[in-house]
Amino acid sequence: MAKLIVCLIGMPGAGKSTIADGLKTKGFEKITMGDAVRAEATKRKIEPTGANLGKLMLELREKNGQGAVAELIKDQIANSKSDVILIDGVRSIAEVDMLKKFGTVKILAIHASSDTRFKFLSDRGRSDAPADRQDFVKRDSREMGVGMSDSIALADETISNNNLTIPQLVDSAYNIIKGWIK
């Protein structure tokens, strides 16, 4: 069977990482696009703040095309032993198209309201968490600017994550992916 590459797409804080982490117990591999950008920032000795990572992501896309961040993870995909790979944080159709070189690609969009997402992002406490609501809105605009809304619109399936528990969210994703494996 060709690898099934599941692109988890959604605005920051929608629940993509929660799904990917929850599904690792099912034997799926998780590759995080943001980690690839953070690794690139480390290589370049750039502090991994939200603003810096956003600038770097835009610079990579400007220099190397809209699929540039997906290019950073191609070796991880090629070397993966898993039949199902979850790609956390795909943003553009160009990235989706690049990933099609490695297997069957499906898009799972995760949607959550801006209030829900702001709370999730603030609570998780990563270095790129929004400092305030204005910072959050700026980040959302940047994400939309790289084609996130097109990717969400073209999703094969969508999960609404406004009132779900973590087990409900993970189970919803697992049931959708199981259907794709058959």
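Filtered by the rule that a residue be within 13 Å of Ala112 (Cα to Cα) and out of contact with any helix residue (DSSP H, G or I) (no Cβ under 7 Å at 6 or more places or on another chain), the range 1-20 gives a lone residue, Lys16.
Summed over the range 48-96, residues that are in contact (Cβ under 8 Å) with a residue 40 or more places away in the chain and not basic (Lys, Arg) total 26. One residue is enough: does the range 76-86 have a residue meeting the conditions under 14 Å from Thr18 (Cα atoms) and open to solvent by less than 10 Å² (accessible area, probe 1.4 Å)? Scanning the range 76-86 turns up at least one residue that is under 14 Å from Thr18 (Cα atoms) and open to solvent by less than 10 Å² (accessible area, probe 1.4 Å). Checked against the criterion of being out of contact with any helix residue (DSSP H, G or I) (no Cβ under 6 Å at 6 or more places or on another chain), closer than 22 Å to Ala109 by Cβ and modelled with pLDDT under 90, the candidates Gly54, Gly65, Gly34, Gly89 yield just one match: Gly34. The set of residues from the range 35-80 being under 15 Å from the mean Cα position of the chain (by Cα), within 27 Å of Gln134 (Cβ to Cβ) and among the β-branched types (Val, Ile, Thr) comprises Val37, Val69. Among the residues of the range 87-115, those that are aliphatic (A, V, I, L, M) and open to solvent by less than 20 Å² (accessible area, probe 1.4 Å) comprise Ile87, Val90, Val96, Met98, Leu99, Ile107, Leu108, Ala109, Ile110, Ala112.
Among the residues in the range 118-125, are any basic (Lys, Arg), assigned to a helix (DSSP H, G or I) and closer than 23 Å to Leu169 by Cα?
Residues of the range 118-125 basic (Lys, Arg): 119, 124.
Applying the additional criterion that residues be assigned to a helix (DSSP H, G or I) yields 119, 124.
Pick out the ones that are also closer than 23 Å to Leu169 by Cα and you get 119, 124.
Among the residues of the range 118-125, at least one is basic (Lys, Arg), assigned to a helix (DSSP H, G or I) and closer than 23 Å to Leu169 by Cα, which makes the answer yes.
Filtering Ile166, Ile176, Ile159 for residues that are in contact with an Asp or Glu (Cβ under 6 Å, 6 or more places away or on another chain) and not polar (S, T, N, Q) leaves a single hit, Ile176.
So how many residues does the range 116-127 have that are β-branched (Val, Ile, Thr) and surrounded by fewer than 16 Cβ atoms within 10 Å (Cβ to Cβ)? Qualifying residue count for the region: 0.
Inspect all residues belonging to the range 6-21 and state whether any of them is part of a helix (DSSP H, G or I), surrounded by fewer than 21 Cβ atoms within 10 Å (Cβ to Cβ) and either more than 11 Å from the chain's Cα centre (by Cα) or among the hydrophobic types (A, V, I, L, M, F, W, C) (or both). Checking the range 6-21: at least one residue is part of a helix (DSSP H, G or I), surrounded by fewer than 21 Cβ atoms within 10 Å (Cβ to Cβ) and either more than 11 Å from the chain's Cα centre (by Cα) or among the hydrophobic types (A, V, I, L, M, F, W, C) (or both).
The values are calculated or read from the model by the stated rules, or taken from the named source; none is laboratory data. Everything numeric in this text was worked out from a predicted model, so none of it was measured. For neighbour counting, all protein chains shown are included, and Cβ atoms are generated from backbone atoms with ideal geometry for every residue, glycine included. Just so you know, the surface numbers come from the protein's heavy atoms only, side chains and all, with ligands and any DNA or RNA stripped out. Shrake-Rupley method; radii C 1.70, N 1.55, O 1.52, S 1.80 Å.
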